[in-house]
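Take a look at the structure below.
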2 protein chains.
Amino acid sequence: MINGFLTCTVCRRSFASDEPRWRCDCGGILDLDFAPGIDRRALAGRPPTLWRYREVLPIRDDANIVSLGEGFTPLTAIELEGRTVHLKLDHLSPTGSFKDRGASVLVSHAKEIGIGHVVEDSSGNAGAALAAYSAAAGIRCRIFAPAGCSPGKLAQIRAAGAALTEVNGPRRETTRAVLRAAESTWYASHGWSPYFLHGTKTCAYEIVEQLGWRAPDVLAVPVGNGTLLLGAHLGFGELRAAGLIDRIPRLVAVQPANCAPLHRAFMAGETTVPEVEASPTVAEGTAVDAPIRGAQILAAVRATGGVVLSVGEDEILDALSLLLGRGHCVEPTAAVGMAGLRNILPGMDRDEVSVVVMTGHGLKAGERLAGFRNGTPR
Amino acid sequence: MINGFLTCTVCRRSFASDEPRWRCDCGGILDLDFAPGIDRRALAGRPPTLWRYREVLPIRDDANIVSLGEGFTPLTAIELEGRTVHLKLDHLSPTGSFKDRGASVLVSHAKEIGIGHVVEDSSGNAGAALAAYSAAAGIRCRIFAPAGCSPGKLAQIRAAGAALTEVNGPRRETTRAVLRAAESTWYASHGWSPYFLHGTKTCAYEIVEQLGWRAPDVLAVPVGNGTLLLGAHLGFGELRAAGLIDRIPRLVAVQPANCAPLHRAFMAGETTVPEVEASPTVAEGTAVDAPIRGAQILAAVRATGGVVLSVGEDEILDALSLLLGRGHCVEPTAAVGMAGLRNILPGMDRDEVSVVVMTGHGLKAGERLAGFRNGTPR
């Protein structure tokens, strides 16, 4: 299996992919040169996990695969204003978020190159995912998280055996803390590592397979660091290169208005993303004021003819109420994508196929869920 | 599609299955006369939900199917004392427990016979499942739950739009309250309805398919009202009748010692189950002092050469710690089956295949999870 090279997105320098580095010497983000293909006839009879797309996952040796049964989450549909909207239920992943896709591939890679100890920073879901997959791999793990995250998420990180460091102050303080730790320990970063994106890309493969090997017209996702959106763009691109779909869906990135650096940059026609001063949002998973791969996110959205939207707190809670009231137990962050789609749905052709990814489990935010009665905020 | 008859397990009287009744006039439990078969070659290409076994599910019209993407949960494995133990990850069901299997079929049946309002009693998971599936079906739902259940479970019930009545006192007070309500409203009971068991039976179908169309030697499950165990027995029986497996696994029912009426009756050689005085247990889902189908559970376990075990609170917490430390985020009740299996594993042949069902999500019990650090109780 070809495992590719790590190539700097800034200075184009390349490194062997088994080097334990998480960024270029110049400080640039690394991407993985790895352009695999898959024959869909080979998939028949394989178990419904993301590892069914084995050929496109950059792990050399099967013995290094760290799996908790992630992937092939249900694709279901609801009726909304006379239209059918598909929901991809990634909140039903092993630790309760789509981050398990990235963590499974990233931790498998860490195991493959002999890493014994990782650090990661996360507002909660990525931390829970890294903690669980590290535990499954027998790798020590320390998570840095902003103080004040959902207690359920922090409890989940600790319960899986990871050390947890809560950091006071805005999100960037957590980033600073993990970067200090990364000087002496491998940084298993969902924001930096391209392996994480090669995990999240499987969401695109699954949607296409579950729709009967066709791409949707629109994919709407909440975006903080954009790991799901960038993974989806990567996956749809691979699928098109393999001749399995004929176009990439319009990618609709949705951010809470209270923390919308990508939306602001997109609307201003920028190609990079200035940091913003953010206000608190119920969608804590998207509370990222300086997304690491911001420029890539803008480029991906524009390349697909998509858009970056922002939605208000009331719109997020309304969308959450809608989803809860249809029986889907998701967290507020997961409702951000739906809130965005509702704003563009009236302008879409009626025969267009839209998919919204449910990114995180409602049980992660029990105290928030407790604020709802009869499907509506009380 | 033949939809069967409801037949009383006591007086053998039969009723049409579209009659809105939940028990016989004599007070007896109703079972469904319905002996379907399936051709496994027909399954290729069907979506991985429990509805892939469409032929064996007692719903006449596809239009009445109420689905949230339930079923075909991952079957994964861990190494334990030099052996491989398979875990069936039913906690990754839509509302976070195996109860979604039963609720999907039961609520589909309710929709099929035109029910507009249901009541149910539950220590939490069944209530959350009924609430969510009723919401998806547009059926009104009231849940009676013992006061003091996990706040996350109660919040989940309310968030899905169900009315919730918390009942003080022991579990039997909740039972009395729902029976009063059932005099005027349809009782969508996970304990009484055979439709619920025709949902939970799909767990057996999936395990057999996921093992490559072979039955395991041992299936270990936590048992309160025994809906998973009885469903599994039903499913394995149907699979054997269809010639798809050659034997039914030994069913290992596990109860917390603090509330173990089935264990006590089993050990005493009884065929019915006297009510016991129970103490509180961390495994709240199994805190059932008078299981409705107790006699059936004893008969099913004995027919398979299985056993009813009891495990102490420390053993449950140890098993929970083991599972959390392997990355599986389950609730204490889900650890009961593993605690039981650990007690019999040393006496099993090394080539025997065992499966333990992970019945509920750890995120349902965040406050309990918060009691764990580094994978162990603090």
Review point. Which loop trypsin sites (Lys or Arg not before Pro) in region A:1-65, with loop taken from DSSP, have no more than 16 other Cβ atoms within 10 angstrom of their Cβ?
Key: A:Arg12, A:Arg13, A:Arg21, A:Arg60
Check your understanding: Based on the inverse mean of 1/r over its pairs of different Cα atoms, what is the Kirkwood hydrodynamic radius of region B:301-368, in Å?
Key -> 12.8
Practice item. Note down the net charge around A:Leu309, summing +1 for each Lys or Arg and -1 for each Asp or Glu among other residues with Cβ under 13 Å from its Cβ. Key: +2
Review point. Which stretch or stretches of region A:254-277 have amide N atoms under 11 Å from the point lying 7 Å from A:Ala295's Cα along the Cα→Cβ direction?
Key: A:271-273
Review point. Residues of chain A: accessible area per residue at 1.4 Å, in Å²?
Key: 34
Point to revise | Derived scalar couplings ³J(HN,Hα) [region A:257-265; Karplus, 6.51 cos²θ - 1.76 cosθ + 1.60; whole Hz; x for Gly, Pro] | key: 4, 5, 8, 10, x, 6, 4, 5, 5
Check your understanding: Per the Kirkwood formula on distinct C-alpha pairs, the Rh of chain B is how many angstrom?
Key -> 20.4
Practice item. One decimal, nm, shortest first: give the distances between the label point of B:Gly148 and those of the same position in the other copies, each label point 7 Å from Cα along Cα→Cβ. Key: 3.6
Point to revise | Other-copy label distances relative to B:Arg21, 7 angstrom Cα-Cβ extension, nm | key: 7.7
Review point. For region B:231-378, what is the charge dipole size about the Cα centre, in debye to the nearest 20, if Lys and Arg each add +1 at the Cβ and Asp and Glu each add -1 at the Cβ?
Key: 300
Practice item. Please report how far the C-alpha centroid of region B:296-351 lies from that of region B:109-151, rounded to the nearest whole angstrom. Key: 28
Exercise for review: Determine by what factor the alpha-carbon radius of gyration of region A:78-191 differs from 2.2 N^0.38 Å, reporting the quotient.
Suggested key: 1.16
Exercise for review: Could you give the size of the charge dipole of region A:51-208 about its Cα centre, using +1 on the Cβ of each K and R and -1 on the Cβ of each D and E, expressed in debye and rounded to the nearest 20?
Suggested key: 280
Exercise for review: Calculate, axis by axis, the spread of Cα positions in region A:241-378 along the three principal axes, and write the results as whole Å, longest axis first.
Suggested key: 44, 39, 27
Check your understanding: Which residues of region A:68-95 show a drop of at least 50 Å² in accessible area when all protein chains are present, compared with their chain alone (probe radius 1.4 Å, heavy atoms only, ligands and nucleic acids excluded)?
Key -> A:Leu68, A:Leu92, A:Pro94
**Study point:** Convex hull volume per residue in cubic angstrom - Cα atoms of region A:154-240
**Key:** 130
Check your understanding: Among bridges DSSP assigns within region A:73-163, what percent are antiparallel (round to 5)?
Key -> 50
Exercise for review: Count the net charge of all other residues whose Cβ sits under 14 Å from the Cβ of B:Ile139, scoring Lys and Arg as +1 and Asp and Glu as -1.
Suggested key: +2
Practice item. Quote to one decimal, in nm, the extra length available between B:Glu275 and B:Glu55 on full extension: 0.36 nm per residue of separation minus the C-alpha distance between them. Key: 75.4 nm
Practice item. Please figure out what share of the DSSP beta bridges in region A:247-378 is antiparallel and state it in percent, rounded to the nearest 5. Key: 40
Review point. Along Cα→Cβ at 7 Å, what distances in nm separate the B:Ile344 label point from those on the other copies, shortest first?
Key: 5.5
Check your understanding: How high is the relative contact order of chain B, in percent, with contacts defined as C-alpha pairs under 8 Å that are six or more residues apart?
Key -> 16
Revision key, fill the gap. Taking the alpha-carbon centre of each part, the distance from region B:214-230 to region A:22-94 in Å is 31
Practice item. Divide, for region A:44-142, the radius of gyration over alpha carbons by 2.2 N^0.38 Å, where N is the residue count. Key: 1.22
Point to revise | Dimensionless Rg/Rh of the protein assembly as shown - Kirkwood Rh, Rg from C-alpha atoms | key: 0.96
Practice item. Find, to one decimal place in angstroms, the Kirkwood hydrodynamic radius of region B:211-298, where the mean of 1/r is taken over every pair of different Cα atoms and then inverted. Key: 13.8
Review point. Considering only B:Val105, B:Asn225, B:Cys8, whose Cα is most displaced toward the positive end of the charge dipole of chain B, charges sitting on Cβ of Lys, Arg (+1) and Asp, Glu (-1)?
Key: B:Val105
Review point. Put a dot 7 Å past each Cα toward the Cβ at B:Ala147 and B:Thr165; how far apart are the dots in nm?
Key: 1.5
Review point. What 222 nm value per residue comes from the helices of the protein assembly as shown, counting each DSSP H run with n ≥ 4 as -39,500 (n - 2.57) and dividing by all residues, nearest 500 deg cm²/dmol?
Key: -10000 deg cm²/dmol
Check your understanding: So, with +1 on the Cβ of K and R and -1 on the Cβ of D and E, and no other charges, what is the size of the charge dipole of the protein assembly as shown about its Cα centre, to the nearest 20 debye?
Key -> 140
Check your understanding: B:Ala265: net charge of surrounding residues, Cβ under 14 Å, Lys/Arg +1, Asp/Glu -1, itself excluded?
Key -> 0
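The values are calculated or read from the model by the stated rules, or taken from the named source; none is laboratory data. Computed from a predicted model, the values in this text were never measured in an experiment. Quick reminder, even Gly has a Cβ in these numbers, built from the backbone with ideal geometry, and neighbours come from all protein chains shown. All accessible areas refer to the heavy atoms of the entire protein, side chains included, with ligands and DNA or RNA removed. Shrake-Rupley method; radii C 1.70, N 1.55, O 1.52, S 1.80 Å.
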